[in-house]
1. Starting from the Cα of ILE72, move 7 Å in the Cα-to-Cβ direction to define the label point; list residues of region 38-63 whose amide nitrogen is under 14 Å from there.
2. How far is it, in nm, from the label point at THR37 to the one at VAL105 when both lie 7 Å from their Cα along the line to the Cβ?
3. What nm distance separates the two modelled labels at LEU9 and ALA121, each placed 7 Å from Cα along Cα→Cβ?
4. Sort region 44-148 into rounded, prolate or oblate with this rule: let a ≥ b ≥ c be the square roots of the eigenvalues of the Cα gyration tensor; rounded if a/c is under 1.5, and if a/c is not under 1.5, prolate when a/b is larger than b/c, oblate otherwise.
5. Rounded to the nearest 5, what % of the DSSP beta bridges within region 32-135 are antiparallel ones?
Amino acid sequence: MALKVPLVLYSGLPGQLQSSDTLAVPSISAGVVVQQTNDEAGAIVIGAPVYNDVNDGVKKGKADASGTSSIIGLVAQASISGVLTATTGQWDAIMGTSGGLTKGVRYFLSAATAGLGTSTAPTTTGQYVVLLGIAISTTELHLAAPYTPIAL
């Protein structure tokens, strides 16, 4: 495969990147928090996987249908960088764990309960396997691409 030189703008005009120039690439870990409206009847807690609903807001995701398994992100309380940090108690409430997350374990969208995750991928025909992220500590989940933190 041949090495390609990227096109850049010089004084508003396109041109090839010159050998003496550098290309500034935004960090993937810079993270973007998207502001959405909670369309659930009650609160959605930090870490809950959510999808866009028909009212352009979000609802808790569930892996038992295509519409509710199209997760756009996990609820956040602050700007973060590809890693969602919550207390062990908050993770216990979302993932059904005890003592928080387990480092190195993959967490998936629950097919049984909306807005929850599980360390076991769904295996029933008609359910969707949606990876939410991988635990990097008892309190931190590295979000699976393309998920974005969602501020309510």
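1. In region 38-63, the label zone of ILE72 (backbone N under 14 Å from the point 7 Å along Cα→Cβ) covers 38-40, 49-61.
2. 3.7
3. 4.2
4. Judged from the Cα gyration tensor, region 44-148 comes out oblate (a/c at least 1.5, b/c at or above a/b).
5. DSSP beta bridges in region 32-135 are roughly 90 percent antiparallel.
Every read-out reported here was derived from the displayed coordinates using simple, explicitly stated rules and does not represent laboratory data. Quantities reported herein were computed from a predicted structural model and do not represent experimental measurements. Cβ coordinates were reconstructed from backbone atoms using ideal geometry, including for glycine residues, and neighbour counts include every protein chain displayed.
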